[in-house]
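The values are calculated or read from the model by the stated rules, or taken from the named source; none is laboratory data. Model, not experiment: these values are computed from the prediction. Glycine also receives a Cβ, built like all others from the backbone with ideal geometry; neighbour counts cover every protein chain displayed. Ligands, DNA and RNA are excluded from the accessible area calculation, which covers all protein heavy atoms including side chains. Shrake-Rupley method; radii C 1.70, N 1.55, O 1.52, S 1.80 Å.
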Amino acid sequence: MAGNVPYKIPIGPIHPALKEPVHIELTVMGEEVIGADFTPGQTHRGIEWMGLSRNPVQIVHLTDRICGICGVTHSLSFARAVEQIAGITVPERGDYVRTIIAEFERIQSHLLWAGVAAHELGFDSLFYLAWRVREDAMDAIEFITGNRVNYDIIQIGGTRRDITIDQYAKIRTCLKTYKDLFSKLKKLFLEDAVIKSRCIGTGLLSFETAMAYSAVGPTSRASGVTADLRVDYPYCAYGDLDIKPVLPTAYGKDVNGDTYDRIVVRIFEIAQSIEIIETCLDNMPAGPVLWEEKVVKILAACKKASGEAVGRHEAPRGEAVHYVAMDNADAPIAWKVKASTYSNAHVWPIILKGAQLADIPIIVASIDPCMSCTDRVAITDNGSTKIFTKEQLSKMSYEKTRRMLQ
Amino acid sequence: MKLTNSLNRSLWVFHFNAGSCNGCDIEIVATLTPRYDPERFGVKLVGSPRHADVLLVTGPVTNQMADRLRRVYAQMPSPKVVMVVGTCGQSGGVFHTSYNLAGPIDQIIPVDVYVPGCAPRPEAIINGVVTAIAKLERLEGGK
């Protein structure tokens with residue numbers, strides 16, 4: 001058998017290296033990857049389509065279940081879009097509670113990712129350590145929202161729950177734990193010889209490619225793109241804060257755009273989130289957290305609204321965008337979700353090219369993919385948005401073949 | 001539920017994501033990590049269904065995943081136990097009106113243990129595994 005023939009290696013959708021179903025097809029020459037492609041869509045549940053027959057308050061619960069890790073990302077983006085259309089102003093305190101919970105989500109998501117990355121490198125003790133310390137953030141989240149995942153704290157016009165003054169102490173204790181732990185995390189993830197040797201120089205994404213492929217979040221910041229929605233277009237309480245996008249330079253090194261830089265950015269973003277939560281707790285304004293307590297009144301305001309809006313949020317993985325259009329009805333007439341992985345997954349074929357087979361798991365994981373956020377199909381036809389099922393698409397394909405035969 | 005005095009072997013688990021939102025999957029991994037640590041009883045995730053005693057399925061089963069779920073189930077050696085984690089695998093949950101669902105899971109493969117919740121807490125998942133052990137021992141006893 002000729003040794004240098006390019007082979008196609010299918011990975012997934014069910015594979016131990018993948019936490020979620022996605023199909024990746026690699027063309028390999030020996031140990032080297034010369035081409036890569038991916039097929040998402042295995043977790044497509046038709047959430048946008050379901051949303052078109054539900055009212056905004058019901059959709060908020062649905063958005064929570066777009067992704068279990070980004071528990072606040074999608075509900076916040078959706079709520080912000082609806083609030084713009086219906087002209088609802090979120091009370092200041094509601095904005096602060098939203099910011100605090102969004103930053104706690106970033107802490108747990110980055111720790112989760114750091115653990116998975118260590119696991120992909122075969123460094124399981126570090127994986128267990130990262131997940132052990134993540135439980136502190138989960139406890140804080142449960143303490144604030146009542147849930148560990150799928151927080152359900154966002155409501156149109158604010159948040160469902162307030163953070164009471166007697167809760168501050170426990171939250172501050174949690175933040176202090178992380179502060180004390182940070183130097184240890186930094187040492188374990190950034191100074192370890194194994195991680196350095198496996199991650200420096202692998203999965204290179206240049207500044208130009210990151211810009212050309214519109215990468216977002218830590219993936220783009222690791223390549224030197226100074227894009228962070230919280231800084232560029234401040235929303236919620238971010239406008240009151242003094243924050244800067246975290247680049248690999250935070251660790252005093254040059255921007256390289258490799259897997260190691262993505263670890264650096266995420267580790268330092270944990271520190272940034274701790275600071276943000278502390279500042280928010282110190283400056284919490286008094287007042288209500290919700291524009292209107294009665295759900296019926298919220299729904300009435302939404303029903304009267306018409307127009308379109310885009311709601312955005314800097315999720316742990318990058319910018320998430322929700323487009324909503326409403327037209328004096330219970331349900332929105334259009335809803336489109338663009339999750340951060342949708343932007344980031346397109347760099348996979350670039351950063352996988354030239355990699356060794358054994359480096360694939362860590363490179364695939366380095367963009368922190370989240371397929372359940374990403375898998376949705378919508379086709380615009382004559383201005384109306386339709387979503388096609390696989391059967392419909394195959395039917396259309398058969399019909400086209402028949403037309404061509406005639 | 002009555003457990004025998006000793007476990008006669010370690011219980012190995014294969015995790016299958018059939019279109020879940022990730023919430024249950026994250027809780028499953030959280031269950032396996034040091035705070036709850038079922039690995040001291042030999043419970044661990046394995047990479048191949050051929051090595052597994054328990055098939056842990058999450059998600060409402062999208063059309064694309066239905067056939068893959070059947071194939072993974074067929075690859076597991078008997079006796080085997082199927083455990084469904086999360087509400088959407090049992091009824092569709094919030095996704096019940098979707099056009100792209102082939103599930104719930106018990107319409108695709110036989111299910112032995114249900115762990116409800118969206119997402120269930122790690123304690124609930126551990127309770128499910130304990131129930132699965134009892135069922136597996138019954139199966140092995142030929143009852």
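The table that follows gives values for the structure above.
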read-out: Verdict on A:GLY201 being away from chain B (no Cβ under 14 Å), more than 23 Å from B:CYS21 (Cα to Cα) and touching a Leu at 6+ places or on another chain (Cβ under 7 Å); value: no
read-out: Number of the condition not met by A:LEU205 [criteria: (1) surrounded by 18 or more Cβ atoms within 10 Å (Cβ to Cβ); (2) assigned to a helix (DSSP H, G or I); (3) touching a residue at least 40 places away in the same chain (Cβ under 8 Å)]; value: (2)
read-out: Subset of the stretch A:112-136 that is among the aliphatic types (A, V, I, L, M) and within 11 Å of chain B (Cβ to nearest Cβ) - its residue that is farthest from A:ALA315 (Cα to Cα); value: A:LEU129
read-out: Filtered residue count, the stretch A:294-334, keeping only those that are within 15 Å of A:THR73 (Cα to Cα), among the aliphatic types (A, V, I, L, M) and open to solvent by 10 Å² or more (accessible area, probe 1.4 Å); value: 2
read-out: When residues of the stretch B:19-61 are limited to those that are at the interface with chain A (Cβ under 8 Å from one of its Cβ atoms), in contact with a Ser or Thr (Cβ under 8 Å, 6 or more places away or on another chain) and assigned to a loop (DSSP other than H, G, I, E, B), the one nearest to B:GLY128 (Cα to Cα); value: B:GLY59
read-out: Top-ranked residue of the stretch B:23-48 - restricted to ones that are closer than 15 Å to B:LEU11 by Cβ and of a type in the set (Asp, Glu), ranked as least open to solvent (accessible area, probe 1.4 Å); value: B:ASP37
read-out: Test set (1) touching a helix residue (DSSP H, G or I) at 6+ places or on another chain (Cβ under 8 Å); (2) farther than 30 Å from A:TYR168 by Cα - A:SER75 fails condition number; value: (2)
read-out: Any hit, the stretch A:96-105, residues being open to solvent by less than 30 Å² (accessible area, probe 1.4 Å), away from chain B (no Cβ under 14 Å), touching a residue at least 60 places away in the same chain (Cβ under 8 Å) and of a type in the set (D, E, K, R); value: yes
read-out: Unique residue being buried (at least 18 other Cβ atoms within 10 Å of the Cβ), farther than 15 Å from A:VAL264 by Cβ and of a type in the set (Val, Ile, Thr) when the list is A:ILE165, A:ILE144; value: A:ILE144
read-out: 1 or more residues open to solvent by 50 Å² or more (accessible area, probe 1.4 Å) and in contact (Cβ under 8 Å) with a residue 60 or more places away in the chain: qualifying helices (runs of 4 or more DSSP H) within the stretch B:62-143; value: B:122-140
read-out: Single residue of the stretch B:75-133 satisfying the filter (within 17 Å of A:THR43 (Cα to Cα) and out of contact with any helix residue (DSSP H, G or I) (no Cβ under 9 Å at 6 or more places or on another chain)) that is nearest to the other protein chains (Cβ to nearest Cβ); value: B:GLY92
read-out: Members of the stretch A:220-270 found to be part of a helix (DSSP H, G or I), among the polar types (S, T, N, Q) and open to solvent by 20 Å² or more (accessible area, probe 1.4 Å), listed by number; value: A:THR249
read-out: Pairs with Cβ under 7 Å, 6+ apart, first in the stretch A:287-310 and in contact (Cβ under 8 Å) with a residue 40 or more places away in the chain and more than 17 Å from A:ALA329 (Cβ to Cβ), second β-branched (Val, Ile, Thr) and outside any helix (DSSP H, G or I); value: A:VAL289/A:THR159; A:LEU290/A:THR159; A:TRP291/A:ILE88; A:TRP291/A:THR89; A:TRP291/A:VAL90; A:VAL310/A:VAL321
read-out: Where a residue in the stretch A:340-357 is surrounded by fewer than 22 Cβ atoms within 10 Å (Cβ to Cβ) and its partner, wherever it lies, is of a type in the set (Asp, Glu), with Cβ under 7 Å and at least six apart; value: A:PRO349/A:ASP37; A:GLY354/A:GLU32; A:GLN356/A:GLU31; A:GLN356/A:GLU32; A:LEU357/A:GLU31
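Let's see how each residue does on (1) more than 30 Å from A:GLU92 (Cα to Cα); (2) under 18 Å from the mean Cα position of the chain (by Cα):
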site	(1), (2)
A:THR202	yes, no
A:THR219	yes, yes
A:LEU229	no, yes
A:CYS236	no, yes
